[in-house]
1. All but one of (1) surrounded by 11 or more Cβ atoms within 10 Å (Cβ to Cβ); (2) at pLDDT 90 or above hold for D6; state the number of the condition that does not hold.
2. Can you spot a residue in segment 18-28 that is over 15 Å from the mean Cα position of the chain (by Cα) and of a type in the set (A, V, I, L, M, F, W, C)?
3. So which residues in segment 1-12 are touching a residue at least 12 places away in the same chain (Cβ under 8 Å) and either under 24 Å from A84 (Cα atoms) or part of a loop (DSSP other than H, G, I, E, B) (or both)?
4. Of the residues in segment 13-57, how many are touching a Leu at 6+ places or on another chain (Cβ under 8 Å), farther than 18 Å from L3 by Cβ and either aromatic (F, W, Y) or in a loop (DSSP other than H, G, I, E, B) (or both)?
5. Between residues in segment 29-53 that are β-branched (V, I, T) and residues that are at pLDDT 95 or above and in a helix (DSSP H, G or I), which pairs lie under 7 Å by C-beta distance while being six or more apart or on different chains?
6. Within segment 61-74, can one find any residue that is exposed (fewer than 10 other Cβ atoms within 10 Å of the Cβ), hydroxyl-bearing (S, T, Y) and free of Cβ contacts under 8 Å to residues at least 24 places away in the same chain?
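The values are calculated or read from the model by the stated rules, or taken from the named source; none is laboratory data. Just so it is clear, the model here is predicted, and its values are computed rather than measured. Don't worry about glycine lacking a Cβ; one is built from the backbone with ideal geometry, like all the others, and counts go over all protein chains shown.
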Amino acid sequence: MRLRVDQLPGHLEGTLAPVYVLGGDEPLQVQEARDAIRAAAARAGFIERVVLNVETGFDWGTLRQHADSLSLFGDRRLIDLRLASGKPGDAG
C-alpha cells in the first residue's frame, strides 16, 4: 500500500503494517513521518527500538540477527533501518 504523507496520520490510528518504507525529496517530511510511525509504535506497545545505519560494508546479517532475536523488554521491537544512499546495494 502506498500512502501520501497527508494520509499517514489516519493510517497510523489503525493497525500498523509490519514494514514501512520512507523516501522522498523533503528530509523534514521523511523525519516527521518517521517520528509519527515511532509514536504510533510506542502506543501499540513497541518498547525497544534498534537503529541500523546502512553504509559501505554493512553486515546484513546484523539486520537478520535483530529481526530473529528475542527482545529483552518484551516481544515487540521497532527496527529503524536507515539507508543514506537510498539503495541497499547488491548484498541487501
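1. So the condition that D6 fails would be (1).
2. Looking for residues that are over 15 Å from the mean Cα position of the chain (by Cα) and of a type in the set (A, V, I, L, M, F, W, C), one finds at least one in segment 18-28, hence yes.
3. Selection gives M1, V5, L8.
4. Count: 1.
5. Pairs that qualify, where the first residue is β-branched (V, I, T) and the partner is at pLDDT 95 or above and in a helix (DSSP H, G or I), are I37/L12.
6. No.
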